[in-house]
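Peer 1: Here's a structure for you.
Derivation of every value follows stated rules applied to the coordinates shown; laboratory data play no part. None of the values given here were measured: they were computed from a predicted structure. Please note: Cβ atoms are built from the backbone with ideal geometry, for glycine as well, and neighbour counts cover all protein chains shown.
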Amino acid sequence: MESVVIKLGGSVITKKDEPLKERIETINNLSSQISSVCNDLNLCIVHGGGSFGHYIAKKYAIHIGLPRIKIGLSILEMEMRRLNLIVAKSLINHGVPVIQISPIDIFSTKGDEINVFHSKPILDAINKGYIPLLYGDVVFDEEKGCRILSGDQICLELAKIISARKIVFCMDTMGIYDKDPKKHNDAKLIKKISKEEVKRLISNFSKGDDVTGGVVNKLLVAYEAANMGIKSIFINGFYHNMLMRVLRNEDYIGTEIY
Ligand code: ATP
Ligand code: IP8
């Protein structure tokens with residue numbers, strides 16, 4: 001069976017301009033698409049922070065290290081688990097056998113590097129036929145106290161351990177453009193990007209307002225993935241059945257980084 005990692009972007013599953021607001025209809029729609037293919041694939045699902053994670057992380061400056069207001073980190077963890085529960089409930093209601101796994105329990109970092117990844121709970125779940133469901137999270141860091149580990153980065157770690165050849169990123173745009181399509185009407189969708197081209201593109205893009213670096217972080221992850229022979233596919237998570245089409249290896253509109 002083919003192994004695939006899916007990232008449900010925070011820009012798709014939450015209203016990024018409204019703190020702590022999920023998009024339940026979109027989540028249900030994505031769950032239904034995943035449900036139609038989940039028996040034919042080895043899947044891991046990861047979701048982003050959106051207006052839960054990024055909002056709380058910025059409010060308490062958690063992306064800089066341990067917050068001065070200690071409870072801020074607890075609130076971030078609680079809100080991410082709440083968003084994770086919303087996503088899990090939807091997937092389970094659609095018959096997708098997910099097991100929620102909190103990154104703070106299995107990852108820790110030292111500086112920019114992941115130095116602990118306790119992958120057994122993930123592999124155990126997969127071996128028993130379940131689908132691990134993780135999310136971008138705060139994790140403890142040996143130097144800074146804590147740091148935000150993006151869902152994108154977690155996707156890459158999962159792809160490595162389950163030998164996935166493909167990560168599918170659902171975003172609120174049709175894929176990667178030559179410039180931010182929300183700011184430039186003449187932005188052009190780039191359908192295929194080689195790993196050599198990615199580096200050049202990154203230097204033109206801004207990190208945006210997110211605590212994990214937005215589209216730049218995604219491209220860095222895609223670059224690292226491509227170096228390991230893992231393809232990254234960027235699609236619009238709002239677009240009718242696009243996720244299902246990619247998962248079924250059918251034609252789709254989006255960006256492939258290889
Ligand atoms: P989260 O980090 O909350 O999970 P996400 O993974 O859904 O969110 P974002 O990090 O919000 O995705 O990145 C998507 C956003 O990146 C788009 O809304 C778009 O405005 C912005 N963006 C900036 N430059 C580009 C570009 N060149 N191509 C595509 N999107 C871009
Ligand atoms: O949204 C960040 O993960 P991302 C999660 O995938 C938090 O970048 C807690 C902000």
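Peer 1: Of the numbered conditions (1) within 26 Å of Thr26 (Cα to Cα); (2) within 15 Å of the chain's Cα centre (by Cα), Leu220 fails exactly one; give the number of that condition.
Peer 2: Against the list (1) within 26 Å of Thr26 (Cα to Cα); (2) within 15 Å of the chain's Cα centre (by Cα), Leu220 comes up short only on (1).
Peer 1: Could you tell me whether the range 63-79 includes any residue that is touching a Pro at 6+ places or on another chain (Cβ under 9 Å) and within 11 Å of ligand 2 (Cβ to nearest atom)?
Peer 2: Checked against the condition, which is being touching a Pro at 6+ places or on another chain (Cβ under 9 Å) and within 11 Å of ligand 2 (Cβ to nearest atom), the range 63-79 yields at least one hit.
Peer 1: Please go through the range 44-71 and pick out each residue that is in a helix (DSSP H, G or I) and closer than 16 Å to Asp141 by Cα. If you could, list the steps in order and put the result at the bottom.
Peer 2: The first filter runs over the range 44-71 and keeps only residues in a helix (DSSP H, G or I), leaving 50-59, 62-64, 71.
Within the range 44-71, Ala57, Ile62, His63, Ile64 qualify.
Peer 1: Which residues, taken from the range 87-136, are part of a loop (DSSP other than H, G, I, E, B) and touching a residue at least 12 places away in the same chain (Cβ under 8 Å)?
Peer 2: His94, Gly95, Val96, Pro97, Ile101, Ser102, Gly111, His118, Ser119, Gly129, Tyr130, Gly136
Peer 1: Take the range 192-240 and flag every residue that is within 10 Å of ligand 1 (Cβ to nearest atom), over 19 Å from Gly48 (Cβ atoms) and assigned to a loop (DSSP other than H, G, I, E, B).
Peer 2: Asn204, the sole residue that qualifies.
Peer 1: Further question on the same structure: If I filter the range 174-186 down to residues being in a loop (DSSP other than H, G, I, E, B) and surrounded by 15 or more Cβ atoms within 10 Å (Cβ to Cβ), which single residue comes out as farthest from the chain's Cα centre (by Cα)?
Peer 2: Ranking the candidates gives Pro181 first.
Peer 1: Restricting to the range 65-78, name every residue that is in contact (Cβ under 8 Å) with a residue 60 or more places away in the chain and either under 20 Å from Ala88 (Cβ atoms) or among the aliphatic types (A, V, I, L, M) (or both).
Peer 2: Listed by number, the residues that qualify are Leu66, Leu73, Leu76, Glu77.
Peer 1: Select from the range 23-43 the residues that are assigned to a loop (DSSP other than H, G, I, E, B) and over 15 Å from His240 (Cα atoms) and list them in ascending order.
Peer 2: Answer for the range 23-43, where residues must be assigned to a loop (DSSP other than H, G, I, E, B) and over 15 Å from His240 (Cα atoms): Arg23, Val37, Cys38, Asn39, Asp40.
Peer 1: Based on this model, can you work out whether Ala187 counts as more than 22 Å from Gly49 (Cβ to Cβ) and in contact with a strand residue (DSSP E or B) (Cβ under 6 Å, 6 or more places away or on another chain)?
Peer 2: Details: more than 22 Å from Gly49 (Cβ to Cβ): yes; in contact with a strand residue (DSSP E or B) (Cβ under 6 Å, 6 or more places away or on another chain): yes.
Considered against the rule, which asks whether it is more than 22 Å from Gly49 (Cβ to Cβ) and in contact with a strand residue (DSSP E or B) (Cβ under 6 Å, 6 or more places away or on another chain), Ala187 comes out as yes.
Peer 1: Taking Gly151, is it at positive phi, crowded, with 16+ Cβ neighbours inside 10 Å and of a type in the set (Gly, Ala, Ser)?
Peer 2: no
Peer 1: May I ask you to list pairs of residues, at least six apart or on different chains, whose Cβ atoms are under 8 Å apart, with the first in the range 141-161 being farther than 19 Å from Ala57 by Cβ and the second being within 8 Å of ligand 2 (Cβ to nearest atom) and of a type in the set (A, V, I, L, M)?
Peer 2: Filtered contacts from the range 141-161: Leu158/Val46.
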